[in-house]
Amino acid sequence: MSAPAPLLEVQDLQAAYGSSQVLFGISLAVQAGEVVTLIGRNGMGKTTTVKSVMGLLRPTAGRVAMAGQPLHGQPAYRVARSGIGLVPEGRQVFPNLTVRENLVATAGNRHGSASPWTLDSVYGLFPRLQERERHLGSNLSGGEQQMLAIARALMTNPRLLILDEATEGLAPLIRLEIWNCLQRLKEQGLALIVIDKNIGPLLRLADRHYVVEKGRIVWQGTSAELRGQPEVVAQYLGV
């Protein structure tokens, strides 16, 4: 029996900032309900890969498809409408909107989810947001802003959620809350791409990993395979 077609498929993706090429043929795939990571040191092309997938940076070559539909070269709003939600690096919540306004600003259920994310359900995931519902985004703590960024992306009811450094700079208890949230999303069958530096939680959460080095995928495999190859972690992820 042949494997199911990927939910997201990226083939030979190349991208550049001006004359400086950053991606040199990135290829990866995510199945429905699968959790995949992009890992590597800073400056190796992980965020550029996300920007290229999301239409925030036009690839110079390669192919991106969501559920078989081509996305490469499409503007960001069309990529979002395809069912990809982004929790960007740096959170980027709307500072002059309240928590509630942030959540409803881009909410929708374009793909007809039978159990769509609503205010009640995201507040159930992050009760602190309900407590802060009338507070402006600029008045939230860093951890609360990260929760809001995740909840805002969920309110678009994506089929795939991409999280770029969602635990960076957060206190340990808040990081744990975010990891528990991602585990719950996995259990609910939401496909995830996670970029993070914390290898331990990633090994527990993810099904497969892609290691990025200088704009190329240099290793890929399962969590079990990565645990069994500590030299990969040392070579490509160590400081």
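Read-outs throughout are calculated quantities, based only on the coordinates presented, and are distinct from any laboratory measurement. Being a predicted model, the structure only gives us computed values, none of them experimental. Positions of Cβ are generated from backbone atoms using ideal geometry, with glycine treated the same way; all protein chains shown enter the neighbour counts.
Table for the structure above
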quantity: P(r) tail fraction, the chain - alpha-carbon pairs more than 23 Å apart, %; calculated: 48
quantity: Extension gain, R227 back to N109 (0.36 nm per residue minus Cα-Cα distance, nm); calculated: 38.7 nm
quantity: Cα Rg, Dmax, the range 124-168, angstrom units; calculated: 10.9, 30
quantity: The range 25-120 - convex hull of alpha carbons, volume per residue in Å³; calculated: 140
quantity: Cα-based helix-to-principal-axis angle, 172-187 vs the chain, degrees rounded to 10; calculated: 80
quantity: Sorted by Cβ density within 10 Å, fewest first, the residues H111, H72, H209; calculated: H111, H72, H209
quantity: Between helix 142-154 and the chain: long-axis angle, C-alpha atoms, 0 to 90°, nearest 10; calculated: 80
quantity: DSSP-defined beta bridges in the chain - what % are antiparallel, rounded to 5; calculated: 55
quantity: Residue exposure sequence - K51, K197 - by fewest surrounding Cβ within 10 Å; calculated: K197, K51
quantity: Spin-label model distance (nm) - R134 vs A234, 7 Å beyond Cα toward Cβ; calculated: 5.8
quantity: The range 153-237 - convex hull of alpha carbons, volume per residue in Å³; calculated: 114
